[in-house]
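Since the structure comes first, as structure tokens, the remarks are kept for the end.
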Amino acid sequence: MIELKNLTKVYGSKSRATTALSGLNLTVDKGEIFGVIGHSGAGKSTLIRCINLLERPTGGEVWVGGRNLTSLGKRELQLERRRIGMIFQHFNLLSSATVYDNIAFPLRLAGTDRTKLKSKVEELLSLVGLEAHSGKYPSQLSGGQKQRVGIARALASDPDVLLCDEATSALDPQTTDSILKLLLDINRKLGLTILLITHEMHVIQSICDRVAVIHEGGIVEQGPVAEVFLKP
Ligand code: ADP
Ligand code: ADP
């Protein structure tokens, strides 16, 4: 579902250049939950931002759902991006919009008609368990509820892939577990492919099928979680 081929990202130029990714290769299969773990500065966030081309790779190719995103023009890329949802450590919600309108946002951008929009938003509210909070603003929600809104918004365009950028790092352990459980439910229910990056082993061991360890911009080890990290 996701294939990264010889992916390279260099920030800056000449004497100030930082190589964040150095010829990285990675394949994530359809329907799996794949975790990338590594220390701060290893290249995790660059990696995940390159997949939807929030960050332009310096070299290499990004394939998602059988299409080479790095070869697409602006308009085609915009369409392909709807197949890729993303959630963030700090949720990135619109603070002046309600839960309902945050979730509706991508649907409005896509020009979804009002009947379909309403039923889709209601379906998503129910999927993430926020039916009773649809009229609230982000400031009135707990961290876990905010991330549920983030998840619902990411799923609004029925993506094939969900990218999770340190999605539980700002949450306490109990809330982390409830969000991880929700991600697992969604993966099982919708057959959604999930790629997550984290610096927390707990996240990997709770829900990932496979894991890759990233170090200095390259994958140094990968495989089924139980093989890469023998459980105690
Ligand atoms: P991680 O998410 O694992 O902490 P990053 O992808 O953020 O790693 O960073 C990888 C390397 O790239 C680090 O050396 C970091 O300092 C550098 N880097 C990240 N973003 C930028 C940027 N916008 N400009 C310059 N260097 C950057
Ligand atoms: P339209 O935007 O097409 O006029 P509606 O009359 O259904 O659609 O909704 C108007 C606004 O009311 C929405 O943008 C949203 O802010 C709010 N709204 C609608 N349904 C709900 C709901 N179930 N929960 C919270 N707010 C809602």
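The values are calculated or read from the model by the stated rules, or taken from the named source; none is laboratory data. Predicted model, so just to flag it, every value in this text is computed and none were measured. Note: ideal-geometry Cβ built from the backbone for every residue, glycine included; neighbour counts use all protein chains shown. The protein model used for the area step is the full one, side chains on, heavy atoms only, and it has no ligands, DNA or RNA in it. Shrake-Rupley method; radii C 1.70, N 1.55, O 1.52, S 1.80 Å.
Please give the helix 99-109 orientation as an angle from the longest Cα principal axis of the chain, in degrees from 0 to 90, rounded to the nearest 10.
Helix 99-109 sits roughly 70 degrees off the main axis of the chain.
What does the charge add up to near Val220, with Lys and Arg as +1, Asp and Glu as -1, over the other residues with Cβ less than 15 Å from its Cβ?
Here the charged neighbours net out to -1.
Holding the Cα-Cα limit at 27 Å, pick out from Lys116/Lys146; Lys146/Lys181; Lys44/Lys120; Lys5/Lys181; Lys44/Lys136; Lys146/Lys189 the pairs that are longer than that.
Exceeds cut-off: Lys44/Lys120; Lys5/Lys181; Lys44/Lys136.
Taking one equal scatterer on every alpha-carbon of region 46-130, how large is log10 of I(q)/I(0) by Debye at q = 0.22, 0.25 1/Å?
-1.12, -1.23
I'd like the Karplus ³J(HN,Hα) series for region 151-162: coefficients 6.51, -1.76, 1.60, θ = phi - 60°, whole numbers in Hz, and an x wherever there's a Gly or Pro.
Per residue, the Karplus-derived 3J(HN,Hα) values read 5, 4, 4, 5, 8, 4, 8, 6, x, 8, 10, 10 Hz.
Quick one, can you get me the convex hull of the C-alpha atoms of region 30-87 expressed as volume per residue in Å³?
For region 30-87, the hull spanned by Cα atoms encloses 103 Å³ per residue.
What trypsin sites (Lys or Arg not before Pro) in region 155-208 are in a loop by DSSP, with at most 14 other Cβ atoms within 10 Å of the Cβ?
For trypsin sites (Lys or Arg not before Pro) across region 155-208 that sit outside H, G, I, E and B with at most 14 neighbouring Cβ atoms in 10 Å, the list is empty.
Where does the charge balance sit around Ile37 when Lys and Arg score +1, Asp and Glu -1, over other residues with C-beta under 9 Å from its C-beta?
Around Ile37, the charge tally is 0.
Quick one: of the DSSP bridges fully inside region 102-232, what percent are antiparallel, nearest 5?
Bridges in region 102-232 are about 55 percent antiparallel.
Whose amide H sits under 5 Å from the amide H of His215, counting only residues 5 or more places off or on another chain, with H placed in the peptide plane?
Placed amide hydrogens put Val220 under 5 Å from His215.
Pairs of alpha-carbon atoms within less than 8 angstrom and 6+ residues apart define the contacts here; what relative contact order does the chain have, in percent?
This gives 30 percent for the chain.
Please work out whether region 27-173 counts as rounded, prolate or oblate from its C-alpha gyration tensor, where a ≥ b ≥ c are the square roots of the eigenvalues and a/c under 1.5 means rounded, while otherwise a/b larger than b/c means prolate and anything else oblate?
Oblate shape, in that a/c is at least 1.5 and b/c is the bigger or equal ratio.
Along region 27-42, what does the Karplus equation 6.51 cos²θ - 1.76 cosθ + 1.60 (θ = phi - 60°) give for ³J(HN,Hα), rounded to whole Hz, x for Gly and Pro?
10, 10, 7, 4, x, 9, 9, 10, x, 10, 10, x, 6, 4, x, 6
Given a cut-off of under 8 Å on Cα pairs at least six residues apart, what relative contact order in percent is computed for region 73-182?
The normalised contact order for region 73-182 reaches 44 percent.
Over region 1-108, what is the mean sequence separation of C-alpha contacts under 8 Å (at least six apart), divided by residue count, expressed as relative contact order in percent?
Taking the mean separation of contacting Cα pairs over the length of region 1-108, I get 26 percent.
State in Å² the accessible area per residue of the chain; use a 1.4 Å probe, count heavy atoms of protein chains only, and round to the nearest integer.
Dividing the accessible area of the chain by its residue count gives 49 Å².
With axes computed from alpha carbons, what is the tilt in degrees of helix 173-190 against the longest principal axis of the chain, rounded to the nearest 10 within 0 to 90?
90 degrees
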